[in-house]
Amino acid sequence: MTIENFEANIKGMHCAACSSRIERVVGNLEGVTHCSVNLATEKAKIDYDPLTITITAIEEAVAGLGFSAEVVTVESDDAGNVQEAFDKLQAMKNRLLPAFILALLILCLSMANMVGVTLPEIVHPDYSPFTHAAIQFLLLLPVFYFGKNFYLNGIPALLRGGPNMDSLIAIGTGAAFVYSTWNLVEISLGIDPIARAHDLYFESAAMLIALVSLGKYLEARSKARTTDAIRQLLQLAPETATLIDENGQRLVSVAEIQVNDRILIRPGERIPVDGTIIDGESAVDESMLTGESMPVMKRNGDDLFGGTLNKNGALTMKALKVGRDTMLARIVRLVQDAQGTKAPIASLADRISLYFVPTVIVIASLAGLSWFFFGDAEFSFSLRIFIAVLVIACPCAMGLATPTSIMVGTGRGAQLGVLVKSGEVLELAQKVSCVVFDKTGTLTLGSPEVTDIHPLAGYDDTMLLNFAAGAESHSEHPLAEAIITAAAKRGCVIPEPQSFSATPGRGIASSIQLDGKGYDLLFGNIEFLRENKIDGLTDKVQKEASELSDQGKTVLYLAVDKTLAGLLAIADPLKAEAKKTIQDLEAMKIKVVMLTGDNKKTANAVAQQAGIKQVVAGVLPDNKEEEVVRLQQEGEIVAMIGDGINDAPALARADVGIAMGTGIDVAVESADIVLMNGHLAGVGRAIGLSRATMRNIRQNLFWAFAYNVVGIPVAAGLLAIFGGPTLNPMIGGAAMALSSVSVVSNALRLRWYNPDE
């Protein structure tokens, strides 16, 4: 079986019952292996076997349910989507205002006598019952027009056997309208006109449509704000850039920029695409990429990323990645993909939503009939109970509880430099009990540095670095770069060796000319110098070397003309934030383990500096995965943090793989979460964000379920059995509308999540 997948925009969904029905029907089609529909993003992700079923057949199945599926074949125009959402909101607002005004007029006309306001006789129910009823009827007709979508969507869904929230509103308001219209007919026929004029529900139908429309508008506006993070990222990309070619400088659209083009970025301008600096120096604000507010100094040869802000100097860059290949575009796609996924916790709400609306219709019918036949209630009372149950039920709140929180949480993560690739990962990260750190490049900077220089025999630090750099200038050893870099920082002139001989695993023998004088150098470990019978290897020197080794540093001995001239210590420094990150994780009751291929002595030294108590050293790259499995077998939920090729299998095997964004692509692709700035504080941020998001989801689900569990029995007249009040359908409609708004508003609180609080 060959499984392919596609994503589709689903149009016509109005509540969780809609999305659940599409999932069930499409998911049960032969050849479809998986179908996930997200109500908040209005997208479906479908896995299918093209040999068994076609995309067209799937689209037809969705159409048969009353919805439309439009396959996403290219990256959508996000600016266009934003405009479409704005236009939709404006259209809703344009329908809402007149509907509300008319509904309030009907309410004032019908309720005036009850609140002590005397109506003119021409519209008074006791003096002009027909006029009183007819005006309400005529005012209600345009309200129905403005709320026609409830009927155009709800009634067909009911007839297809898949009722949704609109069906509940259509049935409830339709019942009130039919009953009241029948009373209007009887009034016109002179059948007990005054009594019938006091038994109208036109105002209930009108206010229900107005209040639910208000709720839908507020919900849509709140949902639009859940994608603020994406919109803010998209707005960072400039529309134009200054291109430098053989004809000089000219302003072009960013879409016209090609790989290898030269671009001028003036102070205060945003960088249009990814590339490298070929001229200039400036501080660049990369907070949109990394979440860190401090600008970073950029010089010739340094990388630049589209959307970041050039602060104070002119830069000339060469474009290397454009369009969809830029880092900004990749971030946007990752966040959009994550926002479109579902967390496993959503499955319960989805299952309930599928059967929720039919169950509510049954409950409403049973409640109304029970009051009429067994409660000796009047028909109007029973009708009010029936309508109240229908309109207070809210499947939307349950359907929105999870996806809105995930959308806001992943968006906030992107702003903090933490890219979460799916809702499933976001849910799982909150359960992490053990964090496993790779050492090199993760806990440490990944680039060795000269940390100590101990000169002997009358030499000074600079002379020692001159000698060492000259000896290593032809070496390919990983430590050579650290020595040459340290010498360059001190302004040393690195001499060219006249002779060079390397003994693998031991050291280097060379001769150099410095200030017109020749020197014979030996540079390597103690065994290398002993083999060459070097003078000066005293107990004191060896004690110093031992102390440096105990700190996890590599000690190199330098001899000049057969006499020991000094010691140089090289280490891969611990990242400045490592110790605090470990403390923060332990404060979160998370076990921390360091996993490294280094020897035990070096590993323990680094672990001691970082405050890590559990160390697994001497692990070969292909055995890292086995160590992760071992921890999982001990019952731990493991998060693995790494940055290299050798970390990729362990990242994939871990429950949650976290890659440093400074690492290579294979590690980033293997991970579930990417820390864009390579800052270790992002580990705590990711887990903290996951916990905050899941706490938010649980709050939403609790209130969504509690609202329906309490609201439906009250609407059915439970309190009235014991002499309490009944629920006015208008109040039920308002409560239903506000329940969805409250869930989305609670999710929006994640926009202000602060990892430092």
How about the range 119-152: which of its residues are of a type in the set (S, T, N, Q), without any contact (Cβ under 8 Å) to a residue 24 or more places away in the chain and either more than 20 Å from Tyr179 (Cβ to Cβ) or in contact with a Phe, Trp or Tyr (Cβ under 6 Å, 6 or more places away or on another chain) (or both)? Ser128, Asn149
May I ask you to say which residue of Asp166, Asp126 is acidic (Asp, Glu), crowded, with 19+ Cβ neighbours inside 10 Å and on the phi < 0 side of the Ramachandran plot? Asp166
Where residues in the range 107-123 are among the polar types (S, T, N, Q) and either closer than 20 Å to Ala175 by Cβ or surrounded by 13 or more Cβ atoms within 10 Å (Cβ to Cβ) (or both), which of them is modelled with the highest pLDDT? Ser110
Looking at the range 313-333, which of the residues that are part of a helix (DSSP H, G or I) and open to solvent by 50 Å² or more (accessible area, probe 1.4 Å) is modelled with the lowest pLDDT? Arg333
Condition check for Ala397: at pLDDT below 85, under 42 Å from the mean Cα position of the chain (by Cα) and outside any loop (DSSP other than H, G, I, E, B): yes
Looking at (1) within 18 Å of Gly313 (Cβ to Cβ); (2) surrounded by fewer than 16 Cβ atoms within 10 Å (Cβ to Cβ), which is the one condition that is false for Glu256? (1)
Please state which one of Gln609, Gln632, Gln583 is under 30 Å from Asp756 (Cβ atoms), open to solvent by 40 Å² or more (accessible area, probe 1.4 Å) and touching a strand residue (DSSP E or B) at 6+ places or on another chain (Cβ under 9 Å). Gln609
List pairs: first in the range 713-738 and under 9 Å from Leu208 (Cβ atoms), second of a type in the set (Lys, Arg) and open to solvent by 30 Å² or more (accessible area, probe 1.4 Å), Cβ under 7 Å, 6+ apart or cross-chain? Pro729/Arg384
May I ask you to say which residue of Val62, Val25 is outside any loop (DSSP other than H, G, I, E, B), of a type in the set (A, V, I, L, M, F, W, C) and surrounded by fewer than 21 Cβ atoms within 10 Å (Cβ to Cβ)? Val25
Residues located in the range 404-440, provided they are open to solvent by 20 Å² or more (accessible area, probe 1.4 Å), outside any helix (DSSP H, G or I) and closer than 30 Å to Gly552 by Cα: Ser433
In the range 630-645, how many residues are out of contact with any Cys (no Cβ under 8 Å at 6 or more places or on another chain), part of a helix (DSSP H, G or I) and either modelled with pLDDT under 90 or within 19 Å of Ala429 (Cβ to Cβ) (or both)? 2
Cβ-Cβ under 8 Å pairs, at least 6 apart or on other chains, the range 544-559 side on the phi > 0 side of the Ramachandran plot, far side assigned to a strand (DSSP E or B) and buried (at least 20 other Cβ atoms within 10 Å of the Cβ): Gly552/Ala571
Let me spell it out: the conditions are (1) of a type in the set (A, V, I, L, M, F, W, C); (2) touching a strand residue (DSSP E or B) at 6+ places or on another chain (Cβ under 7 Å); (3) part of a loop (DSSP other than H, G, I, E, B); (4) surrounded by fewer than 24 Cβ atoms within 10 Å (Cβ to Cβ), and Ile453 meets all of them except one. Which number is the exception? (3)
Taking the range 612-629 and keeping residues assigned to a helix (DSSP H, G or I) and open to solvent by less than 40 Å² (accessible area, probe 1.4 Å) leaves Lys624, Val628
Scan the range 232-241 and give yes if some residue there is over 29 Å from the mean Cα position of the chain (by Cα), modelled with pLDDT of 85 or more and of a type in the set (Val, Ile, Thr), otherwise no. no
Counting just the residues of the range 449-502 that are touching a residue at least 60 places away in the same chain (Cβ under 8 Å) and of a type in the set (Gly, Ala, Ser), which one comes out farthest from Ser546 (Cα to Cα)? Ala471
Given (1) without any contact (Cβ under 8 Å) to a residue 40 or more places away in the chain; (2) closer than 16 Å to Phe467 by Cα, number of the condition Asp520 does not satisfy: (1)
Might you check whether a residue that is under 30 Å from Ala16 (Cβ atoms), in a helix (DSSP H, G or I) and modelled with pLDDT under 90 occurs anywhere in the range 143-151? yes
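The values are calculated or read from the model by the stated rules, or taken from the named source; none is laboratory data. Note that the structure is predicted; figures quoted are calculated from it, not measured. Don't worry about glycine lacking a Cβ; one is built from the backbone with ideal geometry, like all the others, and counts go over all protein chains shown. Just so you know, the surface numbers come from the protein's heavy atoms only, side chains and all, with ligands and any DNA or RNA stripped out. Shrake-Rupley method; radii C 1.70, N 1.55, O 1.52, S 1.80 Å.
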